[in-house]
Structure formats: C-alpha cells, structure tokens
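Report on one structure; see the data block that follows.
No value in this document is a laboratory result; all are computed from the given coordinates. In this text, all values refer to a predicted model and were calculated from it rather than measured experimentally. Glycine also receives a Cβ, built like all others from the backbone with ideal geometry; neighbour counts cover every protein chain displayed.
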Amino acid sequence: QREFEEDFPYEETDDQLRCIAEIKDDMQSDRPMDRLLCGDVGFGKTEVALRAVMKCILAGKQAAILVPTTVLARQHYLTAMQRFQGHPITIELLTRYKTGSEQTALLKKLEAGSVDLVIGTHKLFNKKIKFKDLGLLVVDEEQRFGVGHKETLKEISKNVDVLTLSATPIPRTLNMALSGLRSMSTIEEPPRDRQPVQTFVMEQDEKAVCDAIRRELLRGGQVYYLHNRVENIEHVALRLQKQLGGGVSVGVAHGKMDEEQLSRVMDDMVEGKIQVLVCTTIIETGIDIPNVNTLIVEDADKLGLAQLHQLRGRVGRSARRASAYLLYRPEKALTEIAE
C-alpha cells in the first residue's frame, strides 16, 4: 500500500490526506462504509478512490468502479492501468461496447475471482453478474443514475463498502441535513498552482469566439467548443473550420459515435492532433486533458447549473490560466438569477 501511494506523481493536499485517512478508518470498522466524497472537479477525488481500491484488493477482495458514461469508464480504466502499473492487479472494463462473448468471459472471471478491479457503466447492474467477493464499490457521479439504478445499487452493495464521488457542489445547508445520513469527506483545497477558471457570460458573437480560439491556439493550447445538438454538429464544425482557416485541425465528438470512432477522436485530442474539438456534453464527466484551456459553450442557458459547473471543470487542469465562455443568443434576455 505504501509503495503504491508513494508512486503518486503529485504532492497530496492536506484535504486529500485527511479524506484518505477517514475512508481507511471506515473500511477497517465492522460495519459497511457508506461515505460521500465531495470535491470540486480536478481536486483529486480519483486518487483518493484508487487508494481505497488498493486497500480493498490487498485485503483479498474485489473492487468495482461504477460510472455514468462509457467515455468516463474508459478514462478511469486508463488512469487505473497507469496507477496500478507494476502491481499484480487485474483490471477489466465493462461497457456497452463489449461483445456478448467478451461479456460472458468477463462474468466468468469475476465469479472465479480472477479480476481484482472492474470499471463499468450501468452494465454492472446486469443480473448475471456475480462477484466472488466484492469488498468495495466506488460510484462516480451518483446523481447521474436514476432511481431504479439506485435501488439496484442498494441490493448489490448490502454488505459492501460504498464510496460515492461527487463534484457537484452541495449547498452547506443540504450538507448539514445529509451528514446524519451518510458520512461525508470533502476536498476543498485545490491542487498546488491551480488557478480558478476565468468565466465570461456573454451574447453569442462569432468574432469574439474566433478571437478566443486563436488566443488559445497561439499559446499552444487546445479548445472545447460545446454544441449540444448532434443533428447539426458536423455543420458547426465545418463553419468553424472555415472561419479559423485551413491550418487549424477541428474534430467532432458526440455520444452517437461508435466506440472506435470516439476512442480515435479522444486519442487524437490527447496527442494534440486535434486543436479544436466540437462536442456535445459527452465531455462533461471525467475527460482530463490538461492542455485544453479554453471552453466555449453555445446556448449555455439551456444547460443546468451543476452541468455547467462540471463542464467548466474540464479546463484549468494545469498551472495555466484557463477561460470558459458561456454564450447565449442575443434575442434571449437572461433573468438575473440565470446570469
């Protein structure tokens, strides 16, 4: 465990260390843990969760991480593969893109106990899934799962330690009301060198948008351009490409693409082959590309507050100052609260 923790390439914040200690205490107690870990986007909740996973596996049990989207499942899978490198731990991914026979093979492995950690979407709710000895269930972004799923969760995790992660800020009053129901750990301290994202709420203006994109590209960064309608997203990408000129590479990502296309686009984004990614809210949870430091959201008034908060957390994940532009149509007057 110590070796695994010392491999962490960053310095933990005091909040992270306190949360890790609280979770470990819970895991060692006689009754099953039910703890909520709250912390802003990019404040290091994943690392805290992976340390709990390591503790669980070292105790001879299996662990599962449940996430709302395939994109996030893949991100967690890659992070886990990287973090557990050099340790004899078997990690598997379960999403809708696994073929029937692949799924069957994985179910057999889970039941035999030859998989230590499985990361998956709601496919993990499959009635056929039987673990040899599940010790820890980590639920990322619980608020994205429906009531039915939450009931199934209760069934699965009757005598299992449960750690729920959430980046949606919970108002203090609600937190106080909740804290009696489940234990709660909060990471309030940003990682070192992290600067708050500069946020602009403004009317949609193509010139301003192109200027913002060019500024980011000039400093070698990348851009997310969020357009949340699949039916004309290609058209928007073409329009941007025209405005920015031929030297700029523009890519597209949305949830209707198949796994291979999506993976390819995300890999190109990570490698910097795509400079501007025109995408839907598919990037909302878990995509972590530190070189993307400008986010532009079209029709921001159509999205929820928690959602915008999450989306803004996709940028500003490095020491660079990041910017988020939340745009609305000039013909729409925003209420004071919305603004």
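The overall shape of segment 1-93 is rounded: from the C-alpha gyration tensor, with semi-axes ordered a ≥ b ≥ c, the ratio a/c is less than 1.5.
Under a model in which nothing but the beta-carbon of Lys, Arg (+1) and Asp, Glu (-1) is charged, the chain shows a dipole of about 640 debye around its Cα centre. Helical runs (DSSP H, four residues minimum) scored at -39500 (n - 2.57) apiece and divided by the length of the chain put the mean residue ellipticity at 222 nm at -11000 deg cm²/dmol.
For the chain, find the longest principal axis of its Cα atoms and tell me its angle to the long axis of helix 259-270, 0 to 90°, nearest 10. So the inclination is approximately 70 degrees.
Between ASN228, ASN291, ASN159, the GNM of the chain built on Cα springs shorter than 10 angstrom shows ASN159 fluctuating the most.
Between GLU284, GLU102, GLU231, the GNM of the chain built on Cα springs shorter than 10 angstrom shows GLU231 fluctuating the most.
Ordering of 66-73, 17-24 by packing is 66-73, 17-24, highest average first (other Cβ atoms within 10 Å, averaged per residue). Which one, LEU153, LEU218, SER249, is farthest towards the positive end of the dipole of the chain when Lys and Arg carry +1 and Asp and Glu -1 on their Cβ? Result: LEU153, furthest along the dipole toward the positive end. All other residues whose Cβ lies under 14 angstrom from that of LEU106 are scored, Lys and Arg at +1 and Asp and Glu at -1, for a net of +4.
Peptides 269-275, 242-248 ordered by packing proxy, namely the average of other Cβ atoms within 10 Å per residue, highest first: 269-275, 242-248.
Roughly speaking, what is the stretch gain from THR79 to ASP34, that is 0.36 nm per residue apart minus the C-alpha to C-alpha distance, in nm to one decimal? Before the final figure, lay out the partial values.
Values: separation 45, 0.36 × 45 = 16.20 nm, distance 2.40 nm.
Taking THR79 through ASP34 to full extension adds about 13.8 nm, to one decimal.
Taking 0.36 nm per residue of separation and subtracting the Cα-Cα distance, full extension of the segment from LEU218 to GLU271 would add 17.4 nm. Ordering VAL41, VAL71, ALA59 by Cα displacement along the dipole of segment 36-86 toward the positive end leaves ALA59 in first place; charges were set at the Cβ atoms of Lys, Arg (+1) and Asp, Glu (-1).
Note on segment 217-339: Lys pairs 8 or more places apart or on different chains, Cα atoms under 23 Å apart, count 4. Say the cut-off is 18 Å between C-alpha atoms; which of LYS45/LYS132; LYS108/LYS130; LYS61/LYS130; LYS128/LYS154; LYS109/LYS150 go over it? Correct reply: LYS45/LYS132; LYS109/LYS150. Relative contact order of the chain: 20 percent, from C-alpha pairs under 8 Å at least 6 residues apart in sequence.
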